[in-house]
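Undergrad: Sharing a structure below in structure tokens format, with a few things to ask.
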Amino acid sequence: MAPRPLVLLTCDQRTVDGTTWHATPATYVEAIVYGADAVPILLPAMGGAIDVDTVLDRVDGVLLTGARSNVHPMFYGEDPTPEHEPFDAARDATTLPLIRRAIERGIPLLAICRGFQELNVALGGSLHAEIQTFEGRMDHRAPAAPTDDQRYGIRHPVHLVDDGCLGRIVEADEITVNSLHHQGLATLAPGLVVEATAPDGTVEAVRVEAAAAFAVGVQWHPEYWVRSDKPSGKIFAAFGAAVAAHAAAR
Ligand SMILES: N[C@@H](CCC(=O)NCCCC(=O)O)C(=O)O
């Protein structure tokens, strides 16, 4: 039997109780095992200290995880304000080059929430801070609730575009998703195609048009309910199939 493929997951750099960690939530790690049938490998947020190609030579897919921090606005030509915080400079220095190189090399990529925003910025797009402050936009932030199951509760519809890859994957033109973000896509990066929108027009999913492999980003969190929500499971299964195909073609 062929060995299970390897998927690289991005980490945050965070200081907890005075100790600095490179870490990502268990939900992403477990979704790679149970949803994509692959083996998760965590990439520390160490920027240029780790050569991207050395790592990409050894993996079959990349999962850009979510995180509460925001991409620094200097990467899309804006000055930072308190609204743009918190930042994670080590993560930005790692993920932005990683995304560009993974796409150039045709390595399957799934980008979630902060990862979705990173995908847009890495390819030349920009972000809005606090999208709920814009006229006519919904409040996409996490509900104030005591448990993660409640915070990650599925709560608003997204419309999947006709003839999009995501609509084919989930076999629907509308699904209901969770929502835990302040920021949203402002200018869409060249080369990205919108795959899904929220009722207020917020871009909820994209794909990289010219990518040689699966290259999809979603603003919501399919990893959280991968074992119980059908569309979430189908997204991870499609990513896992692309990862397996990449491994088989090596
Ligand atoms: N920081 C960005 C990205 C949001 C994101 O990735 N959220 C992950 C969920 C974190 C949580 O548990 O609250 C933004 O806010 O837009």
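Undergrad: Any idea which of Val59, Val71 is modelled with pLDDT of 95 or more and either on the phi > 0 side of the Ramachandran plot or under 13 Å from the mean Cα position of the chain (by Cα) (or both)?
TA: Of the residues listed, the single one that is modelled with pLDDT of 95 or more and either on the phi > 0 side of the Ramachandran plot or under 13 Å from the mean Cα position of the chain (by Cα) (or both) is Val71.
Undergrad: Taking helices (runs of 4 or more DSSP H) that fall entirely within segment 98-196, which contain at least 3 residues that are of a type outside the set (Lys, Arg) and within 15 Å of the chain's Cα centre (by Cα)?
TA: In segment 98-196, 114-122 are the helices (runs of 4 or more DSSP H) which contain 3 or more residues that are of a type outside the set (Lys, Arg) and within 15 Å of the chain's Cα centre (by Cα).
Undergrad: When Thr133 is evaluated against the numbered criteria (1) surrounded by 14 or more Cβ atoms within 10 Å (Cβ to Cβ); (2) within 16 Å of the ligand (Cβ to nearest atom), which criterion, by number, is the only one it fails?
TA: Of everything listed in (1) surrounded by 14 or more Cβ atoms within 10 Å (Cβ to Cβ); (2) within 16 Å of the ligand (Cβ to nearest atom), Thr133 misses just condition (1).
Undergrad: Looking at segment 81-96, which of its residues are under 20 Å from His22 (Cα atoms) and surrounded by 16 or more Cβ atoms within 10 Å (Cβ to Cβ)?
TA: Asp88, Ala90, Arg91, Asp92, Ala93, Thr94, Thr95, Leu96
Undergrad: Assess whether Glu195 counts as being touching a strand residue (DSSP E or B) at 6+ places or on another chain (Cβ under 8 Å), exposed (fewer than 15 other Cβ atoms within 10 Å of the Cβ) and of a type outside the set (Ser, Thr, Tyr).
TA: When the stated conditions are applied, Glu195 does not pass them.
Undergrad: Let me ask another. Considering each of Leu110, Leu98 in turn, give the residue that is within 18 Å of Leu42 (Cα to Cα) and away from the ligand (no atom under 16 Å from the Cβ).
TA: Leu98
Undergrad: When you go through (1) part of a helix (DSSP H, G or I); (2) touching a residue at least 24 places away in the same chain (Cβ under 8 Å); (3) within 12 Å of the ligand (Cβ to nearest atom) one by one for Gly217, which number turns out not to apply?
TA: (1)
Undergrad: So, of the residues in segment 136-164 that are more than 11 Å from the ligand (Cβ to nearest atom) and in contact (Cβ under 8 Å) with a residue 60 or more places away in the chain, which turns out to be surrounded by the fewest Cβ atoms within 10 Å (Cβ to Cβ)?
TA: Of everything passing the filter in segment 136-164, Gly136 is surrounded by the fewest Cβ atoms within 10 Å (Cβ to Cβ).
Undergrad: Please find, within segment 165-186, the residue that is farthest from Phe87 (Cα to Cα) out of those that are within 14 Å of the ligand (Cβ to nearest atom) and of a type in the set (Gly, Ala, Ser).
TA: Ranking the qualifying residues of segment 165-186, first place goes to Ser179.
Undergrad: Within segment 189-214, count every residue that is within 16 Å of the ligand (Cβ to nearest atom), among the hydrophobic types (A, V, I, L, M, F, W, C) and touching a residue at least 40 places away in the same chain (Cβ under 8 Å).
TA: Selection size over segment 189-214: 3.
The values are calculated or read from the model by the stated rules, or taken from the named source; none is laboratory data. Just so it is clear, the model here is predicted, and its values are computed rather than measured. Cβ coordinates were reconstructed from backbone atoms using ideal geometry, including for glycine residues, and neighbour counts include every protein chain displayed.
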